[in-house]
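Everything on this sheet refers to the single structure shown next.
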Amino acid sequence: MGVRSRCRLYRDPPGLVAASYLPGGELADALLGAEGRSAKAKICLSFLAQVRLAPLYVLIVIGVDVILNHAVSAEVRTQIVLANSTNVANLQAHRIWTLVTSAFVLDERAGVVAMIPLLLLLSVAEVLWGWRRLLVVFFGSNAVTSCLVYGLLLAGVRGGWLGGAITVASDVGTSYGSHAVGGALALTLPVRARRYLVPLAIAVVVVPLLNGGTFTDVGHLLAVLLGFLAGWQMRRRPLAGHLRRPAQLRADRTMVYSFDDVAGARAALITALRQHRPVRLDDAVVAWSDQTDRIHVQETRDMDAIDGTLAGGAWGVVLGTFVGLPITGLVIGAGAVAMVARRHDAGLSDTTVERTMQALPKGRSALLLLAEPAGQPALTRALTRTGGTPVPDVAQDGQQS
């Protein structure tokens, strides 16, 4: 045990979570259990009936468009559109609310038919991800993309590459958010679909640029890339998108299950994640040791340097827009949060993981869960069926709140 007590934890990239779990794990399970096309169609309709955010947003956009085109004059409409544009003039004047309101205003009159593809896209995303993730991806990507475009245009104007008229150009609409959602969907769907949808998403935004595109086309490319990052993060950190309760409201306890190999622990992780609605999970970790006695860890929530870089860069570019330095904010935010993420240890602590692995026989792997006590019986029943052996008397003093 002397060697094991001195070993350090090696954090391996989590990799992509199996498509059967996330996104749309519940829908996938229901469709697999249904027999016949009519049964599958009923299941799809039942899931679509749960959609709330997508139709609400589309209805608001249509309502705003109807008012702008039928209830006010053309001059007033132009003023409203420009006042809510994420152009250089507005963001330089610290009209930061335009990062949100621009997504509700259309530059041209929108017909009902034109809104149907947007409604379908957002509805599918809400079914697969839930409304919280859709909200973050759509409006977060819209804001970050707008800030990046603002930074590029500002640099172009200051460098003399672009004319001053572009600072008051209209930049509103749903396109940045919808392109980001499309990119995220393309990367979160099963492998077979990704092979076609990812190249298609890239082609849709690259072709206009090759034909002499505008700054809006550049924004579409940035939005799709942000969508790819969002989809990648959903699959590698499946618990990161779930809200955590305040520490004083949590009574979580560490549960450990031992497996013969790491494949068994990973399969059990999928089973545990599927219990995330009936059973509240605040963290889940797979750990195993290799032939050299090194302990490897795969986490589902805690940020690493990559996660910190992405989150910090997004916040940095938005906050940097307040002072007219979005690109500087991007760099500083990415670097600062990446350093914090490297040192921060939330949920299951390194001490708990290391002590657990030291207590297990060599060659065994473990699945550690941070779950509420009420959910322990259901988790134990589900994970025992996967071949897991409960490990009693897990030390709680290494747990972080």
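Taking a ≥ b ≥ c as the square roots of the Cα gyration tensor eigenvalues, region 87-203 comes out prolate, since a/c reaches at least 1.5 and a/b is larger than b/c. With a ≥ b ≥ c taken as the square roots of the eigenvalues of the C-alpha gyration tensor of region 70-122, please select rounded if a/c is under 1.5 and otherwise prolate if a/b is larger than b/c or oblate if it is not? Oblate, because a/c is 1.5 or more while a/b does not exceed b/c. Projecting the Cα atoms of Phe104, Ala54, Ala71 onto the charge dipole of region 37-172, computed from C-beta unit charges around the Cα centre, puts Ala54 farthest toward the positive end.
Just so you know, all these numbers are worked out from the coordinates, no wet-lab data involved. Given the structure is predicted, the values throughout are model-derived calculations rather than measurements. Every residue, glycine among them, receives a Cβ derived from its backbone with ideal geometry; neighbour counts consider all protein chains shown.
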